[in-house]
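Notes for the one structure printed next.
The values are calculated or read from the model by the stated rules, or taken from the named source; none is laboratory data. Worth saying up front: this structure is predicted, and the values here are computed from it rather than measured. Every residue, glycine as well, gets a Cβ built from its backbone with ideal geometry; the counts of neighbours run over all protein chains shown.
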Amino acid sequence: MSSNPVVFYHIPKSAGTTLNSILQKNYPPENLVECGINTQEFMADLKTWPPERLAQIRLLQGHFPFGIHELLPGRPQFFTILRDPVERVISYYHHARREPAHYLHNLIHDNNWTLMDLLESRLPLMMNDAQVRLISGAFESPPFGKVDEGHLERAVANLRTFEVVGLMEEFDLTLLLLQRAFGWRKIGYRPVNVGDDRRRTEARAAETLSTIRRYNRLDAVLYEEARRLLAEQAAAAGPMLRPRLWAFRLGNRLAGLRYLPVRSILRQRLTKGR
């Protein structure tokens, strides 16, 4: 296990809930710190922590902009997981629609807003180049639609300093690279908080998809850079990574069978026997 503090720059709706279950298996509660809903309040509070309390942090995670690692002692290492921008925005909308505690939930339901309506309101910054916003370190400063090439350049430069740059679409590969980088022992998982957003036809209308791409053009560029960096990291891990990836996927799938309800298994067998 790495002796340096590790920071997980968590992009919302990018496998964070599933990854959190893995983090909890690898770090004791007293060494695992998670930023709450109010990021600014948490960052202000973190600045007041005494050195001995900061020294206890082995893993810090949250939806905070790049730069919070500068508040930690030692030589912090950091990682993130990016997601296809279109898929992330669709997932974010449906998450807000499902979750009563989300700050956009009532707004969506009171106005009967579609994803397109919410985009055109230009209210949620998380639906406008949010990955560039967070990784550049300038999340709230650019208004909706004002993220520019300068923010992208900073985000790309910052991303190249990360110990691991993962992709949600390559989650298992990302996990193996995280295990290699930080010495994690337990990386098996069951998917957590997975929605059925792919089935929502309204969110995939051509006009809606075009609008999502327009408001997340720079995120698409950053995502391609992340894809390139992930390929570099995988190559650096050596030729045995691919066989290990195959074995991990198989083992994780077999382990997941233990959690299937007995009634469900019997129903599947009876159906096949007909």
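Observations on the model:
- Residue in the stretch 74-92 that is farther than 25 Å from Tyr189 by Cβ, surrounded by 14 or more Cβ atoms within 10 Å (Cβ to Cβ) and not aliphatic (A, V, I, L, M) present: no
- Test for Glu52: is it assigned to a helix (DSSP H, G or I), modelled with pLDDT of 90 or more, over 25 Å from Met126 (Cα atoms) and out of contact with any Gly (no Cβ under 8 Å at 6 or more places or on another chain): yes
- Residue within the stretch 245-254 that is closer than 16 Å to Phe171 by Cα, assigned to a helix (DSSP H, G or I) and touching a strand residue (DSSP E or B) at 6+ places or on another chain (Cβ under 7 Å) present: no
- Test result for Arg154, modelled with pLDDT of 95 or more and buried (at least 20 other Cβ atoms within 10 Å of the Cβ): no
- Residue within the stretch 4-17 that is out of contact with any Lys or Arg (no Cβ under 7 Å at 6 or more places or on another chain), modelled with pLDDT under 95 and surrounded by fewer than 19 Cβ atoms within 10 Å (Cβ to Cβ) present: yes
- Elements of type helices (runs of 4 or more DSSP H) contained in the stretch 61-143, each with 2 or more residues being touching a helix residue (DSSP H, G or I) at 6+ places or on another chain (Cβ under 6 Å) and among the hydroxyl-bearing types (Ser, Thr, Tyr): 85-98
- Enumeration of residues in the stretch 144-159 that are in contact (Cβ under 8 Å) with a residue 40 or more places away in the chain, farther than 30 Å from Arg190 by Cβ and part of a helix (DSSP H, G or I): Glu149, His151, Leu152, Ala155, Val156, Asn158
- A Cβ distance below 8 Å, combined with a sequence gap of six or more or placement on separate chains, defines the contacts here; from the stretch 3-16, residues that are polar (S, T, N, Q) reach residues that are assigned to a loop (DSSP other than H, G, I, E, B) in the pairs Ser3/Gly74; Asn4/Gly74; Asn4/Arg75; Asn4/Pro76; Ser14/Arg83.
- For the stretch 147-181, a residue qualifies if it is in contact with an Asp or Glu (Cβ under 7 Å, 6 or more places away or on another chain) and among the β-branched types (Val, Ile, Thr), and the qualifying residues are Val147, Val156.
- Summed over the stretch 109-138, the residues that are surrounded by fewer than 21 Cβ atoms within 10 Å (Cβ to Cβ) and not small (Gly, Ala, Ser) give a count of 13.
- Answer from Ala235, Ala231, Ala226 - the residue that is among the aliphatic types (A, V, I, L, M), part of a helix (DSSP H, G or I), exposed (fewer than 11 other Cβ atoms within 10 Å of the Cβ) and at pLDDT 90 or above: Ala235
- Meets criteria (assigned to a loop (DSSP other than H, G, I, E, B), surrounded by 15 or more Cβ atoms within 10 Å (Cβ to Cβ) and at pLDDT 95 or above) for Phe162: yes
- Of all residues in the stretch 185-216, those satisfying the criterion of being at pLDDT below 70 and part of a loop (DSSP other than H, G, I, E, B) are Val192, Asn193, Val194, Gly195, Asp196, Arg200, Thr201.
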